[in-house]
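S.K.: Please read through the structure below; I'll follow up with questions.
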Amino acid sequence: MKLHVLGVSGPFPESNGATSGYLLQADDTLIQFDLGSGVLSRLTAKTAPEGLSALFLSHWHFDHAADLPVLMYRLEALGFGKGGKVLDLYAPADDSSALRRVAAAAACFRLRDVAPGDTVQIGPCVISAGEARHPVPAVGFRVECGGRVLGYTGDTNTLPSLAGFYRGCHLLLADGLFPSEAWAEQKPHLSAALAASLAKEAGAERLVLTHLNPFFPPEILLREARENHPDVSLAAPGQILPV
Ligand SMILES: [Zn+2]
Ligand SMILES: [Zn+2]
């Protein structure tokens, strides 16, 4: 598997940046995880989005789904939803989300609810959804393909189930938004240090911190995370990460 990093910011982009978006490539299978602000143009630079095997959203917050209605325009222009062609869209059920209502009404998408415990096979990849602790319904994903394992936490704070769900990941892409001094139990995200503790407890080989807030200095995140795990880096747009 290869993970193309398209957008890493949250909840708003840095200058010329994009919020959450990652394209997973496994042979001919192309699976998009999250489609935040600025991600669709970067995805289009890699591949025609209508050729995606599936699109998975960790949750419906705008920094993970803002480009979805714009993708809808492209798919409609290509005749999606008018008999036959649709794009499979997997995301948590969330009645509070205006974006989800747009997606549910759009014939170009086949919207499928995902909840923790669900497993879906897309091409050679087995994708499982796990719990996340966030103010809206949210999940993280575990992708297994050819003996390799990718974990993507989406947005979450601490949860007892996380270490088990991400057990043995070769690459864990984790929400590490907060420096330790800004993190609190009731906040919606992990700190970089806690993401590294999670990676260590799960036995993850490599940790890549993402959902990077432009207002927090990345060198602090990296330093704090490296105290808890030996192999930590920061996600950066344009990276192609082997899994
Ligand atoms: Zn977010
Ligand atoms: Zn969120």
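S.K.: Taking a ≥ b ≥ c as the square roots of the eigenvalues of the Cα gyration tensor of segment 85-208, is the shape rounded (a/c under 1.5), prolate (a/b larger than b/c) or oblate?
M.R.: On the way: a/c = 2.57, a/b = 1.32, b/c = 1.95.
Because a/c hits 1.5 or more and a/b fails to exceed b/c, segment 85-208 counts as oblate.
S.K.: While we're here: Output the antiparallel fraction of DSSP beta bridges having both residues in the chain, as a percent to the nearest 5.
M.R.: 55
S.K.: Could you put Ile240, Ile127 in order, starting from the residue whose Cβ has the fewest other Cβ atoms within 10 Å? Mind dumping the intermediate values first?
M.R.: On the way: Ile240 11, Ile127 23.
Starting with the residue having the fewest Cβ neighbours, the order is Ile240, Ile127.
S.K.: Which ordering of Ser15, Ser180, Ser53 is given by a fewest-first count of other beta-carbon atoms within 10 Å?
M.R.: Least crowded to most crowded, the residues run Ser15, Ser180, Ser53.
S.K.: Of the cross-linked pairs Lys46/Lys85; Lys46/Lys200; Lys2/Lys200, which ones have a Cα-Cα span greater than 30 Å in the structure shown?
M.R.: Exceeds cut-off: Lys46/Lys200.
S.K.: Same structure, new question: Just want the answer: with Cβ charges of +1 for Lys and Arg and -1 for Asp and Glu, which residue in Ala105, His64, Leu78 is farthest toward the dipole's positive end in segment 43-169?
M.R.: Leu78
S.K.: Where a ≥ b ≥ c are the square roots of the eigenvalues of the C-alpha gyration tensor, would you call segment 1-147 rounded, which needs a/c under 1.5, or, failing that, prolate if a/b is larger than b/c, or oblate?
M.R.: Since a/c stays below 1.5, the shape of segment 1-147 is classed as rounded.
S.K.: List the GluC sites (Glu not before Pro) within segment 1-96 that fall in a DSSP loop (any state other than H, G, I, E or B) and whose Cβ has at most 13 other Cβ atoms within 10 Å.
M.R.: none
S.K.: Could you state the angle between the C-alpha long axis of helix 68-77 and the longest principal axis of the C-alpha atoms of the chain, as a value from 0 to 90 degrees rounded to the nearest 10?
M.R.: Taking the Cα atoms of the chain, the angle to 68-77 is about 30 degrees.
S.K.: Between Ala48 and Ala236, with labels modelled 7 Å along Cα→Cβ, what's the label distance in nm to one decimal, could you check?
M.R.: 3.3
S.K.: What angle, in degrees between 0 and 90 and rounded to the nearest 10, separates the Cα long axis of helix 192-202 from the longest principal axis of the Cα atoms of the chain?
M.R.: In the chain, helix 192-202 runs at an angle near 90 degrees to the longest axis.
S.K.: Once R0 is set to 51 Å, what does the formula 1/(1 + (r/R0)^6) return for the Cβ-Cβ distance between Glu219 and Lys85, expressed as a FRET efficiency to the nearest 0.05?
M.R.: Working from the Cβ atoms, E equals 0.65.
S.K.: If the label point is 7 Å along Cα→Cβ of Val70, which residues in segment 90-117 have backbone nitrogen under 15 Å from it?
M.R.: Of the residues in segment 90-117, none has backbone N under 15 Å from the label point off Val70.
S.K.: Given the options Val86, Val232, Val139, state which has the largest fluctuation in a GNM of the chain using a 10 Å cut-off (strictly under) for Cα springs.
M.R.: Of the options given, Val86 has the highest mean-square fluctuation.
None of the figures in this text is laboratory data; all of them are computed from the coordinates on show. Given the structure is predicted, the values throughout are model-derived calculations rather than measurements. With ideal geometry, Cβ positions are generated from the backbone for all residues, glycine too; neighbour counts draw on all protein chains shown.
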